[in-house]
Amino acid sequence: MKNLKDDFEADGGVWKEWRIGDLFLLKSNPQLDKDNFVFSENAKYPYFTRTVFNNGIFGDVEFFDNEHLIKGNSIAVGMMGMQFFYMRNDFYAGQFTKTVYPKFFGFNENIALYFISLLNRFQKKYLGVLVRNFEDAFYNTHVTLPTFNNEPSYSYMEQYITLLEEEKMLQVDKFLKDSGLNDTALTAEEIAALEKFRNGEVKFEERKIGDLFTLKAIKQAKSQSLIPEDSNGVPYIVQSTKNNMYKMHVNEKWLIDNNESPVEGNAIVLGVTLPAVSYQPYKFGASQVIVARANFLQESIGLFIVPMLKRLMTQFSYSKKPGMKIYNDMVLSFPVDTSGSIDYSFMQHFISAQEKLVVKGVVKYKDEMFNAKGKTYMVGFDSSDMAAEVINTD
């Protein structure tokens with residue numbers, strides 16, 4: 001990254017502030033409610049909504065009409081979340097969404113990602129203005145861009161994102177090798193567990209959580225705003241439905257000194273008044289949560305149970321809160337063996353198989369990225385800026 005910047009500046013490149021309205025056009029989307037569409041896993045068109053999850057995509061839909069179809073290779077934003085996403089393909093959209101189109105030639109995914117990283121920094125600012133004032137706030141946003149011959153250097157942006165992707169892929173490759181996760185071959189037990197599940201041969205029986213787990217409430221000793229962060233400390237878990245209930249890292253000694261003793265890991269954590277649930281493998285600090293423990297619990301079993309609990313959590317809300325009694329009486333369907341005992345072995349092998357399949361997908365993506373971009377290839381700046389140069393990424 002530093003070499004790219006140094007070479008760019010040595011050739012006369014500078015950093016200049018640009019007004020977004022001089023580079024992009026913002027348009028309101030033709031809106032259709034999701035009830036108008038047929039959703040399908042194999043459908044061609046993304047349906048973009050106001051969500052900030054899954055690249056803003058609620059799901060994929062079948063073709064509806066050309067009148068409401070929005071051109072891809074553009075940037076979409078929802079008015080409620082004010083987060084920008086690149087839309088590679090043509091798409092449909094729901095209410096209160098807009099699309100950003102470039103006023104310049106040669107726009108592509110890498111250039112879009114460069115601008116998105118800048119625009120998303122203004123999320124709080126955009127959320128602070130009324131929807132009707134968003135267009136004016138957007139157009140008058142100023143960003144600092146690489147500039148050559150008094151024009152934004154879009155090819156610098158492309159190179160920057162390309163090198164960043166390669167850097168991240170190298171980190172992924174190193175992590176997979178160091179952790180031994182490159183071996184994604186399924187064991188005989190894992191294959192058997194997958195086949196048993198796919199063939200509908202797994203028998204489930206209901207069990208009360210209170211009969212299997214010991215539940216303990218962890219109260220809040222200090223206001224969360226008063227708790228100092230410590231990046232070298234232990235995770236601090238709160239009753240949030242996001243980010244695996246993680247809020248920050250805190251100093252373990254500070255917790256002990258303030259009567260918030262750390263909680264041992266290998267536990268399922270539940271929200272007291274919010275429908276939150278997570279598995280915590282390591283020691284953590286916490287407030288206003290319920291900790292569930294059992295002798296049989298281990299990470300793979302915890303990861304099997306948490307999704308089941310999350311499905312049950314959909315019945316709760318801020319006005320209809322869960323709690324200790326509700327959790328104790330809550331019933332889950334567990335896989336059982338031929339004797340009617342909970343089949344912990346099946347749960348372990350099923351989860352380990354799923355983990356390997358996910359990692360296999362990551363390995364495949366990483367290898368495809370290296371095959372596509374890991375060789376010598378032309379990148380260079382715009383021909384109007386300077387002659388293209390060859391960068392060897394091996």
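The C-alpha atoms of the chain define a longest principal axis, and helix 299-313 lies at about 80 degrees to it. Exposed loop sites are taken as GluC sites (Glu not before Pro) in a DSSP loop (any state but H, G, I, E or B) with at most 15 other beta carbon atoms within 10 Å; the longest stretch of the chain without one runs 68-200. Under 5 Å between amide hydrogens, built in the peptide plane, is the criterion, and for residue 203 it picks out 336 among residues at least 5 positions away or on other chains.
Centre-to-centre, using Cα atoms only, segment 65-92 and segment 170-198 are separated by 36 Å. The equivalent ellipsoid that matches the C-alpha gyration tensor of the chain spans semi-axes of 44, 26, 25 angstrom, in descending order.
For residue 321 and residue 165, a Förster radius of 41 Å and the Cβ-Cβ distance give a FRET efficiency of 0.40, rounded to the nearest 0.05. Restricting the trypsin sites (Lys or Arg not before Pro) of segment 201-249 to loop positions (DSSP other than H, G, I, E, B) with no more than 11 neighbouring Cβ atoms within 10 Å leaves 219, 242.
Each residue of segment 45-55 is assigned a 3J(HN,Hα), and the resulting list reads 10, x, 10, 8, 10, 7, 5, 9, 9, 6, 6 Hz, derived from the Karplus form 6.51 cos²θ - 1.76 cosθ + 1.60 (θ = phi - 60°), x at Gly and Pro. Note that the chain presents 55 Å² accessible area per residue, ligands and nucleic acids not counted, probe 1.4 Å. Roughly what angle does helix 344-373 make with the longest principal axis of the chain, taking Cα atoms, 0 to 90 degrees, to the nearest 10? Taking the Cα atoms of the chain, the angle to 344-373 is about 10 degrees.
Helix 154-179 and the longest principal axis of the Cα set of the chain meet at an angle near 30°.
Loop-located trypsin sites (Lys or Arg not before Pro) across segment 72-136 with a Cβ neighbour count of 14 or fewer within 10 Å are 88, 103, with loop assigned by DSSP.
On full extension, the segment bounded by residue 17 and residue 345 gains 112.1 nm, given 0.36 nm per residue less the C-alpha separation. When the solvent-accessible area of segment 70-141 is split by element, carbon and sulfur atoms take up 52 percent of it, the probe being 1.4 Å.
Put a dot 7 Å past the Cα of residue 108, heading toward its Cβ, do the same for residue 121, and the two dots end up 2.5 nm apart.
Note on the chain: helix-only mean residue ellipticity at 222 nm, from DSSP H runs of 4+ residues weighted -39500 (n - 2.57) and normalised by residue number, equals -10000 deg cm²/dmol.
The values are calculated or read from the model by the stated rules, or taken from the named source; none is laboratory data. Note that the structure is a prediction, hence the values are computed from the model and not measured. Methodologically, a virtual Cβ is constructed for each residue, glycine included, from the backbone with ideal geometry; neighbour enumeration extends over all protein chains shown. Just so you know, the surface numbers come from the protein's heavy atoms only, side chains and all, with ligands and any DNA or RNA stripped out. Shrake-Rupley method; radii C 1.70, N 1.55, O 1.52, S 1.80 Å.
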